[in-house]
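Enquirer: Next up is a structure, given as structure tokens.
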Amino acid sequence: MGAIQMLQNDAMREHIISRFDEMSPQLQQAARYLLEHPREVALVSMRELSRNAGVQPSTMTRLAKFLGLSGYEDIRAHHAEAIRFRTDGFAARAMQHTSEGEQDVAGAQLSRRMLQGLAAQIAQLSEPASLDRLSAAAEQLAHARKIFVLGLRSCHSVAWQFHYVMTLLGDKTIHLDGPADTVGDGLIRAGAEDVLLVISINPYALHSLELAQLAREKGLGIVAITDSEVSPLVGIADQAILCSTESQSFFHTLTPALAISEVLCGLLANKDRTAALEALQRADRHLLSLNTYASAIPRRRI
């Protein structure tokens, strides 16, 4: 399970986040892994955790010292105590720790665990803190003159999905996407009345971070969909909606980010239901005139 909600109000977690910018790159790498894998911290050895995080075991010890603790065991014990009271929750039941000996897991079992994990991650988004962030983000987007939408590499699908749905409601969004390195050109006429919706997850696309910083310097509001309290976007965003990306497979998941996009579209449409309905009817008529969708199964050619 991702770390986004599991230890949301935990004092050690807040301490790590507050001192994250003071850490060396190696300590940041270790700290980020701790934040994103709290159950693993409690359940595996320091050596295995270090290997999974891509750092030396000594780095975990140095991180503990940096945080004012006597050693890594203090970190592990704290996380073990924290999750002891959470093992009966839906999310905890859905996600089970995977050991190295389970690499040859059956397809049906892996499918079940992946789908259960996704269900748990979606459920986390309905907790009060996430709902408050969604509402605040929708409010800022609703008051923007234009919404510039940015998501590169794997996050492109999330950005495009938001932009596509919003085009059915009007022309308020501008998708920052273009050939020949013209992605940022759409910001030429952007200003303080506009908002940038940026989606980026670890590893963060450098150009997304650069364009988000440029947008901030131009006075735009920033709404971010990202994966961690220590994401580079959190420091410059007015609103940051956090989503888990951890998966039981080799690849991270974008399903929670897509869910956030869909919820934001729904909230924005709900701001003026009459106008939204009129816009959707107009879009339906246009698509019908283009003969976009099939009304019957095409006949097979013999």
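Enquirer: Sort through Ile225, Ile188 and tell me the only one that's of a type in the set (Val, Ile, Thr), farther than 30 Å from Gln109 by Cβ and within 16 Å of the chain's Cα centre (by Cα).
Expert: From the options Ile225, Ile188, the qualifying one is Ile225.
Enquirer: Right, here's the next one. Applying the selection to region 30-56, what residues are surrounded by fewer than 16 Cβ atoms within 10 Å (Cβ to Cβ) and part of a helix (DSSP H, G or I)?
Expert: Passing the criteria: Arg47, Glu48, Arg51, Asn52.
Enquirer: Let me ask something else. Do you know which residues across region 136-182 are within 19 Å of the chain's Cα centre (by Cα) and assigned to a loop (DSSP other than H, G, I, E, B)?
Expert: Hits for region 136-182 are Leu152, Leu176.
Enquirer: Can I ask one more? Going by the conditions given, is Arg145 over 22 Å from Leu209 (Cα atoms), of a type in the set (D, E, K, R) and not assigned by TED's automatic domain parsing to the domain that holds Thr245?
Expert: No.
Enquirer: Are any residues in region 200-240 farther than 14 Å from Cys155 by Cα and either hydroxyl-bearing (Ser, Thr, Tyr) or in a strand (DSSP E or B) (or both), and if so, which ones?
Expert: Once the filter is applied, which keeps residues that are farther than 14 Å from Cys155 by Cα and either hydroxyl-bearing (Ser, Thr, Tyr) or in a strand (DSSP E or B) (or both), region 200-240 yields Gly221, Ile222, Val223, Ser228, Ser231, Gln239, Ala240.
Enquirer: Name the residue that is modelled with the highest pLDDT, counting only residues in region 235-278 that are aliphatic (A, V, I, L, M) and surrounded by fewer than 17 Cβ atoms within 10 Å (Cβ to Cβ).
Expert: Within region 235-278, the match that is modelled with the highest pLDDT is Leu267.
Enquirer: While we're looking at this one, here's another question. Go over the candidates Ala138, Ala205, Ala142 one by one and state the one that is small (Gly, Ala, Ser), at pLDDT below 95 and out of contact with any Pro (no Cβ under 7 Å at 6 or more places or on another chain).
Expert: The match here is Ala205.
Enquirer: Name the pairs whose Cβ atoms lie under 7 Å apart, with the first residue in region 282-302 and closer than 21 Å to Gly170 by Cα, the second part of a loop (DSSP other than H, G, I, E, B) and of a type outside the set (Phe, Trp, Tyr), and 6 or more positions between them or separate chains?
Expert: Ala283/Leu168
The values are calculated or read from the model by the stated rules, or taken from the named source; none is laboratory data. The model shown is predicted, which means the values in this text are computed figures rather than measured ones. As a convention, Cβ positions derive from the backbone with ideal geometry for all residues, glycine included, and neighbour counts pool all protein chains shown.
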